[in-house]
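Have a look at the structure below before the remarks.
Laboratory data are not the source of any read-out in this text; all were calculated from the coordinates shown. The structure presented is a predicted model; accordingly, all values stated were derived computationally and were not measured. Positions of Cβ are backbone-derived with ideal geometry, glycine not excepted, and every protein chain shown enters the neighbour counts.
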Amino acid sequence: MPGLGHKSYVQFTKESTYGTLLPSTRRLEIISWNVSPQIGAIQDPSLYAAQSRRGLYQGGMMYRGTFVVRLNYEGLEELFRAVFGTYSNSIVTAVTRDHFFKEGSTLNSYTFEVSAGDVTANTVFRLIGAKVTGLTIRGTAGVGTDAMLQAEFTVIAKDATANNAPTTPLVTGLTISGLRTVTRGGGSWIVDGIGVGSTVTGANFAAGAKVESVTSGTVLVMDRDCTNGSALSGTFTLAYPAVFPVLFHQAITVDDGTPDTGANLRVRAIELTLEQPHAEDRFYFGAQNIDEPLRTDFLTARWRLTQEFTTIVQFDSARAFTAGSPKFVFRHPAAITNGFREFEIRSEKANLVEYSNPIEGYGVLISTATWEAWYDTTDVSALVARFRNDLVALP
């Protein structure tokens, strides 16, 4: 049976030590995945009485590529910490929380587990020492899949292996009360990535039992009755986050960086890139795989906005090299406790470095502008991302 794309997923966790495997604590649906081995070859240059080379030998190895996921109002927090570098949070009201992501001096490393079409069955490819060095957010107004914003992440990994059993938390020391309430004696369901929709296998759990709610780090409720007993334990799978996609028409703030407002702003497409240059050539004698990638240059944060040409304000901003503050805020229509889910992306300091408004035909004229962001002392970052939801803070 060939691999089938719809059986694919990714799960991951932040490593405490570079290149040291840890069990996954987050799981996501994917749109695409293409992280492949970069196979180094050593060609023998020795001359001898033939036309082909004397030999070919294996050189350095690393893994590099990208993957794409739906931009969700919740569930991507750990990946944004991975690519930005720093994380903070604050309570808004009750359980509603803002999660902030800003530039940091060091990027964390991660372990990734990827099911590639379920080949081999019930196994995953495992990447260790993975750093997320790039992010691209894309979206286009209108219809089709492009009208749902997507996030593409760039990954550099030290090593990868195939045919691994996916890590699932084995939790012992459980007690069951009220038939469905499960309490653990230590650790945290939340830290382990156990959420609504997680499944469990164990002698005291009915086949197909799923988590109905997580009431605290140590207490959860199942969707069907359990049986009590001694020495309770279960193997829990990670849950996908709830599906709350960011759609183009949910934008409540559209700021193209210029003084234009209201009816003058007709943004049709956005492409935002964050690049964190890291060394990919840290090979050394005695090791085949790269050492930890470290920074090699300044980060780059760029906005590319495509919009209807309605005024000359953007042209004037480009000509005068006037600083601007592009910002987009999206809000999901379904209410949560004392608020709504939001996603914000902003740069308080940016300048236009590319601009065009070509005349290419009969219809509506379109302008394209590229803003490059730079360090803002108030935000302490060139680029800031914010998720507002009712999830707990990242550990």
For K210, the aspartates and glutamates lying under 12 Å Cα to Cα, once residues fewer than eight places off in the same chain are dropped, come out as D223, D225
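At 222 nm, what value in deg cm²/dmol follows for the chain if DSSP H runs of at least 4 each add -39500 (n - 2.57) and the sum is divided by all its residues, to the nearest 500? Each step should come with its number before you reach the end.
Values: 2 runs with 16 residues, N = 395.
That calculation yields -1000 deg cm²/dmol at 222 nm.
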Bounding extents of region 170-236 in its principal axis frame from Cα atoms, largest first in Å, are 25, 21, 20
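Relative contact order for the chain: what percent, with Cα pairs under 8 Å and sequence separation of 6 or more?
Details: 1031 pairs, mean separation 66.3, N = 395.
Relative contact order comes out at 17 percent.
Translational diffusion coefficient of the chain at 25 °C, 0.890 mPa s, Stokes-Einstein with Kirkwood Rh over Cα pairs, in µm²/s as a whole number.
Stokes-Einstein gives a translational diffusion coefficient of 104 µm²/s.
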Pseudo-spin-label distance A41 to D281, built 7 Å along Cα→Cβ, given in nm, is 2.0
In the neighbourhood of T370 defined by beta carbon distances under 10 Å, the net charge of the other residues (Lys, Arg +1; Asp, Glu -1) is -1
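What does the extension gain come out to for L56 and A121, with contour length at 0.36 nm per residue minus their alpha carbon separation?
20.0 nm
Please go through region 213-301 and write out the chymotrypsin sites (Phe, Trp or Tyr not before Pro) that DSSP classes as loop and that have at most 13 other C-beta atoms within 10 Å.
Details: sites: F236, F248, F283, Y284, F285, F298; in loops: F283, Y284, F285, F298.
Here the sparse-neighbourhood loop sites are Y284, F285, F298.
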Given pairs K7/K131; K131/K158; K102/K349; K14/K327 and cut-off 18 Å on Cα-Cα distance, the over-length ones are K7/K131; K14/K327
For region 121-217, inverting the pair-averaged 1/r of distinct alpha-carbon atoms gives a Kirkwood value in Å of 17.3
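Run the numbers on region 170-236 and let me know its relative contact order in percent, using alpha-carbon pairs under 8 Å that are six or more apart.
Numbers: 153 pairs, mean separation 28.5, N = 67.
Relative contact order comes out at 43 percent.
Can you give the FRET efficiency to the nearest 0.05 for S356 and S16, using r as the Cβ-Cβ distance and R₀ = 41 Å?
Details: r = 48 Å, r/R0 = 1.16.
For S356 and S16, the calculated efficiency is 0.30.
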Candidate cut points under trypsin sites (Lys or Arg not before Pro) in region 27-67, DSSP loop plus at most 14 other Cβ atoms within 10 Å of their own Cβ, are R53, R54
